Amino acid sequence: MEKVHWKVEGMTCANCALTINKYLEKKGMQNIKINPIDGDVSFEEIENTPKEILKKDIHDLGYEVVDDIKDTNKKKAYFLSTQIGRFLFCLPFTLILMLHMLDRWIHLHWLMNPWLQLALCTPVYFIGMSFFGKSAYKSLRNGMPNMNVLITIGASAAFIYSLIGALMGLGGEYLFYETAATIITLVFLGNYMEDASIQSTQRALKSLVKSQKLMANMIAFDEHHQEVILPIENTQLKVGDLVLIRSGEQVPIDCKILWGEAHINESLLTGESIPVHKKNKDALIGGSIVESGQIKAQVTATGDDTVLSGILNLVKQAQGEKPPIQFLADKISAIFVPVVLVITLITFTANFIYLDNFTDAMMRSIAVLVIACPCAMGLATPAAIAVGLGRAARSGILFRNAKSLENFRTIKQVVFDKTGTLTTGLFTISDYKYVDIDEPEFKSIVFSMEKYSTHPIAKCISASFKTKEEVRWKSIEEVKGIGMKSEDKNGNVYWAGSFKIAMDLTTEANHNVYVLKNNKLIGWIDVEDELRAEAKEIIQYLKSKQIKTILLSGDRQEKCDFIANQLGIDEVIAEQSPEQKLEKIDLLNKITPTAMVGDGINDAPALAKATIGISLSEASQIAIQSAQVVLMNQGIKKLPLALGLGRHTYITIKQNLFWAFFYNIIAIPIAAFGYLTPTFGALVMGLSDVVLAINSVKLFIKKVT
C-alpha cells in the first residue's frame, strides 16, 4: 500500500475537491484527503493503477497534478492564467457595455449598436468560456457537474439570446450582452476575492513554511585545517554537517549543540516567547531563534525528518480530514448543481406561463443560475478548520486530525496522569538504601536496568547513578506499570519497580523504587518531584467551565490524594496498571466524552482509547503517537487554548454552514421571483464566499478561553 502526495491546481471550490474525491474513490483509492484551500491531495493506492493514468484522468476532469508536493516548483503565471488577470482583462469591455445604463443622463445612443456590443462582449465571453466553459464541459463529460456549469449556462444564455436578437434585428430590448459580460467579470472578481480571503486562513501555516527556507553558516575546513564559514541554503545541509549560529540568527535546521550556550526563542513552535537556555548536547529545533549566545552545532535531521516538517505535514493532513459535521454539506454539494438546474427549468417555465414574456422568464432563470453557490457549503468547514489548526500550530498545539478539533466541544471531563503531566517530571533522588550489597554494585545494577526505561523516574536514577561498571544483561524488559526486569549471565533475576514487586517482602509502602535480586529486597530509592507551576490554574479553569477533573495514576493512593488536595482535583483513581487505566478510560468514555492527558509509555493505551488523547512534547514517542493532540510548550498551560479552539472552531463551522444554507435558501427564491438581476446575483454570489472566509479568519484574533 503506497501513500501518494500530490499538489493539484485548478480547484476553485470545495465542489472541485468533491469531484476529485469521487474519482479517486471510484478508482479504489483509500484514506483520501483533499484540502481545497491549498490543493494538497493524499491517498493510499490499493490497486496497482499507474499514476500516469490517474494524472491524465484528473487532467480530463479539469485539474492539473503539478507534482509531488515536496518537488513542486511554482510555474510562472501569465496574465490570463490568474483570476485577477482575467478580471482586469474583462473589466474595461464590461464597463463600456454598462455605460448605456447612463443613457438617461448622458446621450450614448451609439452604444446601442448591436454589432458594437457584440464586439465588446465577444472577448469577455471567449475568456469566460475558456475557463468556466472548459471546466463545465469536463465536469459534465465525467458525470460530476460543478458550479461552473451554472455560470456557463447563465452567461451563454444571455450571449446567445443577444446574438439572435442582433442577427434578426429585433431591437435593443433583445440585447443583453452586458449581462453576459457582467456575469463573467463579476464571477472572476468573486473568485479572486474568495482566493485572497481563503488564503489568509493559511497565514499561520505560511509563517512556518517561510522558516524552513533559511541560510546557514556551514563550518568547513581549508587545506590548513582551519575553520572556514560557508554561507549555504539550509536545504543543502546533510546530517552530520557542522553549523555556526550567532546571536540573533535563526536555527537553520534541527541540530545538537556541540559547543557554546545560548538562550533560544522557540515561540514559532511552542507559542512561548520566553527564551529557553540551551547548552552542550541539547537539541535545537530548526526555525527557532538564538536570542543571545553563539553556538556550534551538528545537523541531526534534514528534509521531511525535521520537527518543523513533521509539524507542517501533520497540520496539512489534519486540514484534509473531514470532521463529522462536514459530511452533510458534502451530500448536499454533491447534488446541488443538478438540483439548481431543475429549479432553473421550473423557474423559466413558471415565469413564462405567468408573465407570458420569454425575455423576463429567461433573465429570472439566469439570475437563479448565477446566484446559486455550492462553494459556500463546501468551504464552510475547510475554511474554519484551516484557521483553527493554523492558530493552534502557531500557539504550539498540534492536532493530528480535524475530528479531534471538533470533538473538544463534547468534552465533559479531563483525566490527568500524574508524573510528568501534573508534575514537572524533573526528579531528584532524595534518599536511597542498599541491603546485603555494597554501594557501587547497587548503583551499577540499578543504572544498568533503568537506562533502558523512558519513565521520568528511571531517567533521573540512571543519570544520578551513571557508572562505567555497567552490567551486561542476558535479557532485559520493561513491564508496563510495574518496572524493569532483567537476568544476568549467571541466571540471577533482578527487578527495579513499584511497591507491587515488593509487597510480600516489606510493609514500607512509601518508597518510589524497590530493587530485588532473586525475589529478595536489596534496596530502595526515593525521589522528589514538584508540581507544574501552571497545574493549579489549569485545574481551576476546567472547574470554572464545569469540566470534571480526574487524577488517574499508577502511583500510590496517599501520594495521589495529596496532589489532588493541593490542586483541587475532583476524583482520584490510583495504583492503576496500564491495563486498568485502559479499562477506566473505556468506562469513563461510556459515561461522557473524556479527554486524557498523559506522557508516559504506560499512558499510551489510555490515550488512544480516550475521546481525545492529549500528550506533551517531551513525552515518550509512543505516547505522542497514541495521542490525537500534542502540546508543544513543555507543559499543560496550553490545554485551555486547545479546548477553546476546539469549541470555537465548531461554533465557526456552524455559523458558516448556517450562512451557506441560509444564503441559498433565501437568494434562489428571490432571484426566481425577479427581485434580483443576473448582474447583482453574480456580485452577491462572489461575496457570499468572502463573508464566510472573513468569519473564519476571525478565529485568529477571537478570545477562545
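Residues of segment 507-529 being of a type in the set (Val, Ile, Thr) and in contact with a Leu (Cβ under 8 Å, 6 or more places away or on another chain), which ones?
Selection gives VAL515, ILE522.
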Problem set entry | Among the residues listed as SER453, SER486, the single one being among the polar types (S, T, N, Q) and touching a helix residue (DSSP H, G or I) at 6+ places or on another chain (Cβ under 6 Å) | SER486
Seminar exercise, completed: Here the residues within segment 491-531 that are β-branched (Val, Ile, Thr) and in contact with a Phe, Trp or Tyr (Cβ under 8 Å, 6 or more places away or on another chain) are ILE501, THR506, VAL513, VAL515, ILE522, ILE525, VAL527
Exercise. Just one of LEU551, LEU516, LEU505 is exposed (fewer than 15 other Cβ atoms within 10 Å of the Cβ) and either in contact with a strand residue (DSSP E or B) (Cβ under 6 Å, 6 or more places away or on another chain) or aromatic (Phe, Trp, Tyr) (or both); which is it?
Worked result: LEU505
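Can you confirm whether segment 527-539 contains a residue that is crowded, with 16+ Cβ neighbours inside 10 Å and closer than 30 Å to GLU439 by Cα?
Step one: filter segment 527-539 for residues crowded, with 16+ Cβ neighbours inside 10 Å, giving 527, 529, 532, 534-535, 538-539.
Next, only the ones that are closer than 30 Å to GLU439 by Cα stay: 527, 529.
Within segment 527-539, one or more residues are crowded, with 16+ Cβ neighbours inside 10 Å and closer than 30 Å to GLU439 by Cα.
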Exercise. With respect to MET101, is the statement that it is part of a helix (DSSP H, G or I), at pLDDT below 75 and more than 32 Å from the chain's Cα centre (by Cα) true?
Worked result: yes
For this session: For segment 646-694, enumerate the residues that are touching a Phe, Trp or Tyr at 6+ places or on another chain (Cβ under 8 Å), closer than 30 Å to VAL630 by Cβ and at pLDDT below 85.
Result: LEU692
Problem set entry | All positions within segment 1-41 that are at pLDDT 80 or above, over 19 Å from the mean Cα position of the chain (by Cα) and assigned to a strand (DSSP E or B) | GLN30
For this session: Among the residues of segment 223-239, write down those that are closer than 25 Å to VAL276 by Cβ and at pLDDT 85 or above.
Result: VAL239
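For LEU91, indicate whether it is more than 26 Å from ASP304 (Cα to Cα), of a type outside the set (Ser, Thr, Tyr), modelled with pLDDT of 80 or more and out of contact with any Leu (no Cβ under 8 Å at 6 or more places or on another chain). It would help to see each step written out before you state the result.
Values: more than 26 Å from ASP304 (Cα to Cα): yes; of a type outside the set (Ser, Thr, Tyr): yes; modelled with pLDDT of 80 or more: yes; out of contact with any Leu (no Cβ under 8 Å at 6 or more places or on another chain): yes.
Yes, satisfied.
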Problem set entry | Residue that is farthest from the chain's Cα centre (by Cα) [pool: residues in segment 246-265 that are buried (at least 24 other Cβ atoms within 10 Å of the Cβ) and among the hydrophobic types (A, V, I, L, M, F, W, C)] | ALA262
For this session: Could you look through segment 177-195, keep only residues that are surrounded by fewer than 24 Cβ atoms within 10 Å (Cβ to Cβ) and out of contact with any Gly (no Cβ under 8 Å at 6 or more places or on another chain), and pick out the one that is modelled with the lowest pLDDT?
Result: ASP195
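Tell me which residues, restricted to segment 385-405, are more than 23 Å from ASP603 (Cα to Cα) and part of a helix (DSSP H, G or I).
As a first pass, look at segment 385-405 and keep what is more than 23 Å from ASP603 (Cα to Cα): 385-395.
Result: ILE385, ALA386, VAL387, GLY388, LEU389, GLY390, ARG391, ALA392, ALA393, ARG394.
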Exercise. So ARG409 fits all but one of (1) out of contact with any Asp or Glu (no Cβ under 9 Å at 6 or more places or on another chain); (2) in the same structural domain as ASN510 (by TED's automatic domain parsing); what number is the exception?
Worked result: (2)
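Checking the structure you have, find out if any residue of segment 424-431 is at pLDDT 85 or above, closer than 30 Å to LYS637 by Cα, in contact with a strand residue (DSSP E or B) (Cβ under 7 Å, 6 or more places away or on another chain) and aliphatic (A, V, I, L, M).
Quick first cut of segment 424-431, residues at pLDDT 85 or above only: 428-431.
Subset that is closer than 30 Å to LYS637 by Cα: 428-430.
With in contact with a strand residue (DSSP E or B) (Cβ under 7 Å, 6 or more places away or on another chain) added as a condition, the list becomes 428-430.
Those still in the list that are aliphatic (A, V, I, L, M) too: 429.
Yes, there is a match, as at least one residue in segment 424-431 is at pLDDT 85 or above, closer than 30 Å to LYS637 by Cα, in contact with a strand residue (DSSP E or B) (Cβ under 7 Å, 6 or more places away or on another chain) and aliphatic (A, V, I, L, M).
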For this session: Among the residues of segment 274-292, write down those that are out of contact with any Lys or Arg (no Cβ under 8 Å at 6 or more places or on another chain) and closer than 16 Å to LYS256 by Cα.
Result: VAL276, HIS277, LYS278, LYS279, ASN280, ILE285, GLY286, GLY287, SER288, ILE289
For this session: Kindly indicate which of LEU641, LEU676 is touching a residue at least 24 places away in the same chain (Cβ under 8 Å), closer than 21 Å to ALA402 by Cα and crowded, with 19+ Cβ neighbours inside 10 Å.
Result: LEU641
Seminar exercise, completed: Of those in segment 575-601 that are in contact with a helix residue (DSSP H, G or I) (Cβ under 8 Å, 6 or more places away or on another chain) and aliphatic (A, V, I, L, M), the residue nearest to ILE411 (Cα to Cα) is ALA595
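The values are calculated or read from the model by the stated rules, or taken from the named source; none is laboratory data. The model shown is predicted, which means the values in this text are computed figures rather than measured ones. Every residue, glycine among them, receives a Cβ derived from its backbone with ideal geometry; neighbour counts consider all protein chains shown.
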